[in-house]
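Data first, discussion second: the structure below is written as structure tokens.
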Amino acid sequence: MIRVMIVDDEQHARDELASLLNEVAQVDIVASCANALEAVKLINKLHPEVLFLDIQMPVIDGFELLSLLDQEVMPQVVFVTAYDQYALKAFEEKTLDYLLKPIDPERLKKTMAKIEAAIDTGEEPHYQTPELTRIPCASGHKIKLIDPKQVEYIHSDLSGVHVFTAEGNFFTELTLKVLEKQIGLLRCHKQYLINLAHVAEIITLENGLAEIVTLSNHKLPVSRRYLRSLKEAFHL
Amino acid sequence: MDLTISLLRQLSVFLVIAYLFSKSPAFKPLTEKNLQPKSKLLLFAIFTGFSVLGIYTELPVEGAIANTGAIGAVLAGLIGGPVLGSAVGGTAALHLFILKGNSALVYVVSTGVAGLFGGLANIYLLRQNKPDQVFSPKAAFLATFGAEALQMLIILMMKNPFSEAWALVKVIALPMMIANPIGSALFMSMMRDQKSMFDKVGALFSAKAFNIADRSLGILSKGFNAESAKQLAEIIYDETGVGAVSISDGKKILAYIGIGDDHHLPGLDIVSPQTLEAVRDNKVIFADGVHEHFQCAISDSCQLGSALIVPLRVENEVVGTIKLYEPKNKLFLNLNKTLGEGIAKLLGEQLLRDRYRTQRNLLVKSELKLIQAQVNPHFLFNALNTIIAIVRNDPEQARSLLRHLSNFFRKNLKRSGDLSSLEEELDHVNSYLVIERARFGDRLQVIEEIDPELLQIKIPTFTLQPIVENAVKHGISNLLDAGVIKISAGHSRDRAIIAVEDNAGCFCDKLDGDGLGMNIVDKRIKNLYGNQYGIQTECVPDQVTRVALVLPFEERESK
């Protein structure tokens with residue numbers, strides 16, 4: 001059984017696609033959700049093999065969603081859209097396939113055949129994703145989009161990943177790995193990313209450790225492993 | 001005494017000539033405030049003629065002469081300034097010199113000096129800021145008197161022996177100093193009368209032209225057709241007082257008023273070869289009735305004898321003609337010829353403006369069509385997808401949704417009028433919202449607060465739905481929880497306000513820069529009702545976006 005996940009902001013659209021998938025193929029629908037943030041969380045957790053992804057969604061669209069994903073968990077992606085103005089772009093991104101709403105069951109069968117073939121070859125999906133220009137964070141019932149320049153540092157702990165800015169700290173579903181790769185923050189510790197523009201001081205300690213003091217006087221640990229790259233970044 | 005009478009008799013000949021001259025077209029340029037070089041040349045020729053004539057008709061007095069030669073020179077100087085005066089005086093003097101040689105040297109000098117004197121009088125008057133006095137008979141009298149006195153002085157000084165000079169001056173001084181100034185004054189008074197007549201005619205002409213322009217304004221905005229042509233023809237007929245006025249398009253008579261309206265009927269094809277020529281060659285044709293006669297091509301018994309045919313041009317393309325006619329027994333006034341050409345030009349400009357306006361309206365309409373067309377596909381496919389899903393569990397709801405979808409599209413496609421009632425617009429919006437609510441479920445809430453009094457108010461067609469659609473898009477697209485759309489309609493004493501609000505408060509910047517196609521709605525309302533109405537937008541980031549249509553409202557009399 002292929003493990004599938006559906007992302008669409010419309011309940012009926014999700015239901016219909018799920019029904020159709022159950023009719024035409026042997027699939028295990030591991031999750032379905034209504035927005036990109038939920039999707040990131042579920043993908044990171046459930047590692048689905050295939051993602052049926054609506055393009056037009058609130059705040060973060062389907063394309064942007066892909067840049068929030070770690071390559072390690074990247075599923076095969078099938079875009080679903082109501083109107084084919086995005087189709088060309090979807091092809092450029094070299095997604096596996098795309099479907100037009102309302103979905104034709106026969107067409108869906110062909111898509112499933114492609115998916116099976118792709119999974120059989122074991123080839124890892126690689127998508128060109130748009131540059132991440134804002135970090136989506138949960139803020140009450142809204143999605144807060146944070147400009148990477150405003151970020152002072154990012155910290156992960158057991159409760160998740162926290163983005164620290166002058167405005168306060170925000171919870172994000174994105175992993176440190178994705179953030180490090182996508183927005184150009186520097187890793188200074190297993191659990192910390194630092195924005196070099198906000199560094200006030202680096203204090204070297206014993207045992208090859210160090211400590212960063214940020215402009216707003218926060219102290220971050222620097223582990224032995226990352227001190228070198230940090231120094232290189234400052235041409236020290 | 002005899003000499004005075006002889007001089008006056010001689011003068012009367014001049015005055016007759018002057019009178020005839022003042023009536024001739026050649027006179028007209030001389031009445032202008034600033035004389036053109038061409039007019040100055042004419043003035044020079046005419047007054048030199050007078051002076052020379054005065055010399056030819058001189059009266060021999062005791063071996064010398066008494067003449068009126070100075071008048072021309074003085075008047076030329078007075079009207080045209082010292083240069084012209086000296087030129088006229090000098091030319092006359094030169095002529096005298098060639099004729100008589102040294103013996104007439106005194107007169108040669110005195111005639112030249114007379115011209116200079118007139119010119120000095122001109123300068124004096126202009127310096128005193130009394131340019132109108134140049135044409136006053138009093139000034140002419142005094143200037144001529146002064147010039148003659150000067151002439152006597154010169155004779156006394158130059159002629160030898162003095163006793164002989166004295167004897168001569170005794171005889172001629174009084175007659176010349178009386179007769180010539182009188183002649184000068186009369187001459188000037190004639191010119192002044194003629195000049196003021198030209199001024200009056202000019203004023204009359206301007207008044208007519210302004211009246212026609214004023215009364216014809218806006219008539220052509222309803223289009224160039226039989227009705228507007230009739231109104232225009234009436235105005236032109238009224239103001240010019242010509243025998244008949246006809247307005248045609250390129251092929252047919254649109255309107256005809258005046259003599260001959262029994263057979264020059266509106267709706268008939270143009271048959272007159274002159275009119276056809278005017279249309280074909282894009283040129284003004286004038287059959288003045290003297291050199292060229294106008295011959296009516298419809299009826300031989302037609303009384304019309306002269307005609308002015310002016311093509312009506314829009315961007316140099318002939319779209320019709322304006323014709324002015326006079327009957328055979330009446331002269332076609334030059335004034336009306338000029339007026340006729342002016343009217344055609346004026347109407348051509350109005351037609352051009354009208355053409356631009358039509359094009360602008362068409363542009364707005366096609367922009368509108370584009371917007372209508374743009375909305376549909378995405379909404380349509382999503383709606384269909386939703387209905388397909390719903391049909392599995394709730395066929396009844398699916399059927400209802402399909403009916404709303406039909407209603408929505410029918411309204412979208414069918415409406416072509418400019419205005420529709422709020423009720424009709426709300427019906428359209430309602431069908432749209434029923435479908436969107438089915439799509440988004442709990443995520444979309446709609447609140448409607450409509451004052452029933454406003455249901456019949458007219459708003460530009462297809463305004464409300466796009467605004468609501470924007471609100472839904474924003475409300476839904478930037479919120480993870482429910483988007484709340486509020487549609488309200490209310491009024492103050494004189495304004496109706498129809499507002500659409502969402503609780504997302506995003507795209508504030510887009511609202512200002514009109515990323516949302518609101519400009520065209522605003523433009524339409526302003527075109528319809530005036531600049532104090534239109535679209536008002538408010539946006540508080542992350543809280544609220546409000547788009548309001550502000551329209552005129554008239555409180556109905558309480559029954």
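The values are calculated or read from the model by the stated rules, or taken from the named source; none is laboratory data. Just so it is clear, the structure is predicted and the values come from calculations on it, not from any experiment. Here the Cβ positions follow ideal geometry from the backbone for every residue, glycine too, while neighbour counts run over all protein chains shown. Heads up: the accessible areas ignore ligands, DNA and RNA and are worked out on the full protein's heavy atoms, side chains in. Shrake-Rupley method; radii C 1.70, N 1.55, O 1.52, S 1.80 Å.
Table for the structure above
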| quantity | calculated |
| --- | --- |
| Candidates B:N160, B:N129 - the one that is modelled with pLDDT under 80, open to solvent by 40 Å² or more (accessible area, probe 1.4 Å) and outside any helix (DSSP H, G or I) | B:N160 |
| Looking only at the range B:486-505, and only at residues there that are open to solvent by less than 30 Å² (accessible area, probe 1.4 Å) and not small (G, A, S), the one that is farthest from the other protein chains (Cβ to nearest Cβ) | B:I498 |
| Selected residue [surrounded by 12 or more Cβ atoms within 10 Å (Cβ to Cβ) and of a type in the set (K, R)] from A:K190, A:K114, A:K219 | A:K114 |
| Residue within the range B:518-527 that is β-branched (V, I, T) and modelled with pLDDT of 90 or more present | no |
| Residue selected from the range B:222-239 under the condition polar (S, T, N, Q) and surrounded by fewer than 20 Cβ atoms within 10 Å (Cβ to Cβ), by the criterion farthest from B:C302 (Cα to Cα) | B:N225 |
| Members of the range B:209-244 found to be among the basic types (K, R) and touching a residue at least 24 places away in the same chain (Cβ under 8 Å), listed by number | B:R215, B:K230 |
| Options B:K411, B:K458, B:K473; residue that is crowded, with 19+ Cβ neighbours inside 10 Å and touching a Ser or Thr at 6+ places or on another chain (Cβ under 8 Å) | B:K411 |
| Residues located in the range B:92-109, provided they are out of contact with any Leu (no Cβ under 7 Å at 6 or more places or on another chain), under 15 Å from B:S51 (Cα atoms) and in contact (Cβ under 8 Å) with a residue 12 or more places away in the chain | B:A92, B:A93, B:L94, B:H95, B:L96, B:L99, B:V109 |
| Where a residue in the range A:38-63 is within 14 Å of chain B (Cβ to nearest Cβ) and its partner, wherever it lies, is open to solvent by 20 Å² or more (accessible area, probe 1.4 Å) and in a helix (DSSP H, G or I), with Cβ under 6 Å and at least six apart | A:I55/A:Y86; A:P58/B:S477 |
| Scope the range A:202-211; condition among the acidic types (D, E) and loosely packed, with under 12 Cβ neighbours inside 10 Å; matching residues | A:E206 |
| Selection from the range B:396-433 of residues that are over 55 Å from the mean Cα position of the chain (by Cα) and away from chain A (no Cβ under 14 Å) | B:E396, B:R399, B:S400, B:R403, B:H404 |
| Pick from the range A:123-137, criterion under 27 Å from A:H162 (Cα atoms) and charged (D, E, K, R), ranking: least open to solvent (accessible area, probe 1.4 Å) | A:R134 |
| Single condition B:L153 does not satisfy, out of (1) out of contact with any Pro (no Cβ under 9 Å at 6 or more places or on another chain); (2) surrounded by 15 or more Cβ atoms within 10 Å (Cβ to Cβ) | (2) |
| Of all residues in the range B:376-395 being polar (S, T, N, Q) and either open to solvent by 30 Å² or more (accessible area, probe 1.4 Å) or more than 7 Å from chain A (Cβ to nearest Cβ) (or both), the one that is nearest to B:G441 (Cα to Cα) | B:N393 |
| Residue among B:I450, B:I467, B:I457, B:I476 that is at pLDDT below 80 and β-branched (V, I, T) | B:I476 |
| Residue within the range B:301-312 that is surrounded by fewer than 20 Cβ atoms within 10 Å (Cβ to Cβ) and more than 30 Å from B:Q359 (Cα to Cα) present | yes |
| Residue in the range B:292-299 that is of a type outside the set (S, T, Y) and under 27 Å from B:R215 (Cα atoms) present | no |
| Candidate set from the range A:1-24 (those that are open to solvent by 30 Å² or more (accessible area, probe 1.4 Å) and touching a residue at least 40 places away in the same chain (Cβ under 8 Å)); member that is farthest from the other protein chains (Cβ to nearest Cβ) | A:R3 |
| Candidate set from the range B:313-328 (those that are charged (D, E, K, R) and surrounded by fewer than 18 Cβ atoms within 10 Å (Cβ to Cβ)); member that is nearest to B:L276 (Cα to Cα) | B:E317 |
| Subset of the range B:241-269 (residues that are touching a Leu at 6+ places or on another chain (Cβ under 8 Å), part of a strand (DSSP E or B) and open to solvent by 30 Å² or more (accessible area, probe 1.4 Å)) | B:K252 |
| Total residues in the range A:1-59, condition closer than 26 Å to B:C506 by Cα, part of a strand (DSSP E or B) and in contact with a Lys or Arg (Cβ under 9 Å, 6 or more places away or on another chain) | 3 |
| One residue from B:G483, B:G441 being within 11 Å of chain A (Cβ to nearest Cβ), open to solvent by 10 Å² or more (accessible area, probe 1.4 Å) and under 30 Å from A:A138 (Cβ atoms) | B:G441 |
| The range A:141-155, residues that are open to solvent by 80 Å² or more (accessible area, probe 1.4 Å) and modelled with pLDDT under 80 | A:H141 |
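For (1) small (G, A, S); (2) within 11 Å of A:I146 (Cβ to Cβ); (3) in contact (Cβ under 8 Å) with a residue 60 or more places away in the chain, each residue gets a yes or a no:
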| site | (1), (2), (3) |
| --- | --- |
| A:V163 | no, yes, no |
| A:G168 | yes, yes, no |
| A:V178 | no, no, yes |
| A:L185 | no, no, no |
| A:H189 | no, no, no |
| A:Y192 | no, no, no |
| A:A200 | yes, no, no |
| A:I203 | no, no, no |
| A:G208 | yes, no, no |
